[in-house]
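Take a look at the structure set out below.
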Amino acid sequence: MTRPIGLAALTVLELPHHEQVSVAAQAGYSHVGLRLKPVTGQPHQYPIDMPEIKARLADTGVKVLDVEVFRISPDTRVADAEPVMALAAEVGAEHLLVHGGDPDEARMAENFGRFCDLAARYRLVADLEPMPWVDVSTVAKTVAVLRRAGRPNSALLVDAIHFFRAGDSVDELARVPREWLRYAQFCDARADKPTDMQEIIRQARSDRLMPGEGGLDLVGLLRALPADLPLSLEIPYAKALPPLERARRAREATLKVLDRLS
């Protein structure tokens, strides 16, 4: 069994999209995750050069696992997401990464359902990622939205650092319907959970650890997920390393953790 492993954009955010594809190929990845929709205030923003991205994908054989980042807020106009969805389909992406920024569960589920319907036109899955500092912050809250929305192309995206920082449990995760788990984001972090939310955010955005370097129960997390679930390695690393070396170390460290499952 070969588990797909992708290089997430945040791991090598300083690279233009096409160079990320090349680095992923050189480091032995099967997939990449492309950030075609930057977050507010994001450094290292590059124009989307579709011909070059598609050429690098064709030359390397690397595939696109997901495209990010979509945020659903109270004032979201779902139709505004369509141009990036079209780009995602053009590069052969499978998933769209979504954050839930609406405290009203019913409204959040309604808008997320509309988002899923639009994504379905492009044969894309909408994966809702809980994070401690957004309204849809836990596995339980995400599951509630997915149940209300009731769309077949919806899923729960588990990110290791967010999962443990939010206080979610592997027992709870093991009860999530398997059809809602399409891929996961993987990294490690310090065992001690910060008490300050700003520090939680800082670590998540710029100071994660390679798998095995920290104190998260990564083996327990993996055992609660489907055995063949694709992993996207999202590891913004504080230590200075060239992007290719960073990508290689992330993949090698992940393979060592996966070996512990056997």
- What are the residues in region 18-51 that are crowded, with 16+ Cβ neighbours inside 10 Å, more than 20 Å from Asp207 (Cβ to Cβ) and touching an Asp or Glu at 6+ places or on another chain (Cβ under 7 Å), if any? His18, Lys37
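Being charged (D, E, K, R), open to solvent by less than 10 Å² (accessible area, probe 1.4 Å) and outside any loop (DSSP other than H, G, I, E, B) is the filter here; which residues of region 113-132 pass it?
Step one: list which residues in region 113-132 are charged (D, E, K, R), which gives 114, 117, 121, 123, 127, 129.
Those still in the list that are open to solvent by less than 10 Å² (accessible area, probe 1.4 Å) too: 127, 129.
The answer is Asp127, and nothing else.
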- Task: Determine, yes or no, whether Ala58 is in a helix (DSSP H, G or I), more than 18 Å from Ala126 (Cα to Cα), of a type outside the set (D, E, K, R) and open to solvent by 40 Å² or more (accessible area, probe 1.4 Å).
- Result: yes
- Message: If I ask for residues that are assigned to a loop (DSSP other than H, G, I, E, B), open to solvent by 40 Å² or more (accessible area, probe 1.4 Å) and in contact with a strand residue (DSSP E or B) (Cβ under 7 Å, 6 or more places away or on another chain), which ones from region 61-95 would you list?
- Response: Gly92, Glu94
- Might you let me know whether region 56-71 holds any residue that is under 24 Å from Leu128 (Cβ atoms) and acidic (Asp, Glu)? yes
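Any idea which residue in region 223-243 is farthest from Thr254 (Cα to Cα), counting only those that are among the aliphatic types (A, V, I, L, M) and part of a loop (DSSP other than H, G, I, E, B)? Explain how you work it out, then say what you get.
Start the filter on region 223-243 by keeping residues that are among the aliphatic types (A, V, I, L, M), which leaves 224-225, 227, 229, 231, 233, 235, 238, 240-241.
Checking which are part of a loop (DSSP other than H, G, I, E, B) leaves us with 224-225, 227, 229, 235, 238, 240-241.
Values: Ala224: 16, Leu225: 15, Ala227: 14, Leu229: 13, Ile235: 11, Ala238: 18, Ala240: 19, Leu241: 17 Å.
The residue in question is Ala240.
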- Checked region 137-165 for anything surrounded by 23 or more Cβ atoms within 10 Å (Cβ to Cβ) and in a loop (DSSP other than H, G, I, E, B); matches are Leu157
- Gln185 is checked against (1) open to solvent by less than 20 Å² (accessible area, probe 1.4 Å); (2) not in a strand (DSSP E or B) and fails just one. What number does that condition carry? (2)
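Suppose we filter region 205-242 for residues that are of a type in the set (Lys, Arg), surrounded by fewer than 18 Cβ atoms within 10 Å (Cβ to Cβ) and touching a residue at least 24 places away in the same chain (Cβ under 8 Å); how many remain? First the steps, then the outcome.
In the first step, residues of region 205-242 are kept if they are of a type in the set (Lys, Arg); the result is 205, 208, 223, 239.
This time we only want the ones that are surrounded by fewer than 18 Cβ atoms within 10 Å (Cβ to Cβ), so: 205, 223, 239.
Retained after the next criterion (residues that are touching a residue at least 24 places away in the same chain (Cβ under 8 Å)): 205, 223.
Counting residues in region 205-242 that are of a type in the set (Lys, Arg), surrounded by fewer than 18 Cβ atoms within 10 Å (Cβ to Cβ) and touching a residue at least 24 places away in the same chain (Cβ under 8 Å) gives 2.
The values are calculated or read from the model by the stated rules, or taken from the named source; none is laboratory data. Please read these numbers as outputs of a predicted model, since none were measured by experiment. Neighbour counts are summed over all protein chains in view; Cβ atoms, including those assigned to glycine, are modelled from backbone coordinates with ideal geometry. Areas reflect the complete protein model, heavy atoms only, side chains present, ligands, DNA and RNA absent. Shrake-Rupley method; radii C 1.70, N 1.55, O 1.52, S 1.80 Å.
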